[in-house]
Amino acid sequence: MKLWTFEPIGILRTPFREWLSAPRQPAEAAEVTGEIELFSAKNYEHALEDIGVWSHLWVIFVFDRNKGWKPKVWSPQSECRRGVLATRAPYRPNPLELSVMQLESVEGLRLRVRGVDMLDGSPVLDRKPYVPYTDVVTEASGGWLGGEADPGPRYEVSWGEAAKEQEHFLSGLWVALKEAVEAVLAVSPHPHPYRRIRLEAGGQRRLALREWRVWFSVEGARVRVERLGSGHRPAERGAPRRDVHQAFAERFG
């Protein structure tokens, strides 16, 4: 069978630099704005004619930071692995995604859009108008998710004094954890392989977030971040140079 090679027509500009900070679904990013920047010297100025009359666009882009794909994945709303083609997970055989965005304005080769939930710099392959009379399927089912509403519970996340001090210290060293921690725990603080949350002795819970660990407690619909810690073993810190993990250990033990 013939193989196809696609050339991006532009890139997406969004506030999200890493996947943990990005919303799970476009509905959670309804008020987040970004831009689609088309490449110059490609005659795209003519291709954009008449696009400004549409309120929404379908945008096809690439999960360009994926490494390979997974036939079965953990979904945030599932307690078991699902076939990747039965989910909206990014780890697909071909790392493509299709999202609907509201078109706010067009300025030259820049389209300002609302409802972005993808990473900054994602390559754009194509886009076309969203046409309500043919694109809305009122009888569509919710599949294994069940009903029409997002089943994911929302939790209120707060920070204890010790965690606040530690987070403030790390932010001063250009380690941004707060937004990513809250994005994960607001969805669900319960043990789950997808979220890398473990239940420890004494009932306290621990989230593994990149090179850092986050201990927290749960009471009803409220999550309290208690403390932060390094995910590096002592022997890994400060070699060959003094790094943020060593600085954190010296400050907080």
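Values quoted throughout were computed directly from the atomic coordinates according to the rules given, and no laboratory measurement underlies them. Everything numeric here is computed off the predicted structure, so don't read it as measured data. So basically every Cβ, Gly included, is an ideal-geometry build from the backbone, and we count neighbours across all protein chains shown.
Here are some notes:
- Signed unit charges on C-beta, dipole axis of the chain, positive-most listed residue Ile36, Gln246, Ile197: Gln246
- Backbone phi angles across segment 158-165, fed through the Karplus curve with coefficients 6.51, -1.76 and 1.60 (θ = phi - 60°), yield HN-Hα couplings of 10, 10, x, 4, 5, 5, 4, 5 Hz in residue order; Gly and Pro are listed as x.
- Cα pair distances in segment 156-252, grouped into 5 Å bins until the bin that holds the longest one, percent each: 3, 12, 25, 25, 17, 12, 5, 1, 0
- Gain in span if fully extended, Glu211 to Arg88, counting 0.36 nm per residue against the direct Cα distance: 41.6 nm
- Amide H to amide H, with H built 1.01 Å from N, Gly121 comes under 5 Å of Leu12, Arg13, Thr14, counting only residues 5 or more places away or on other chains.
- CD proxy at 222 nm, helix term only [per DSSP H run n ≥ 4: -39500 (n - 2.57); per residue of the chain; nearest 500]: -4000 deg cm²/dmol
- Classified by the C-alpha gyration tensor, the chain has a prolate form. Its axis ratio a/c, with a ≥ b ≥ c, is 1.5 or above, and a/b is larger than b/c.
- Peptides 203-214, 60-71, ordered by how many other C-beta atoms sit within 10 Å of their residues on average, highest first, read 203-214, 60-71.
- 5 angstrom amide H check on Asp243, placed H, neighbours 5+ away: Gly238
- Each of Trp69, Trp54, Val137 was placed along the dipole of the chain (beta-carbon charges, centred on the mean Cα), and the one lying farthest toward the positive end is Trp69.
- Antiparallel bridge percentage (DSSP; both residues within the chain; nearest 5): 90
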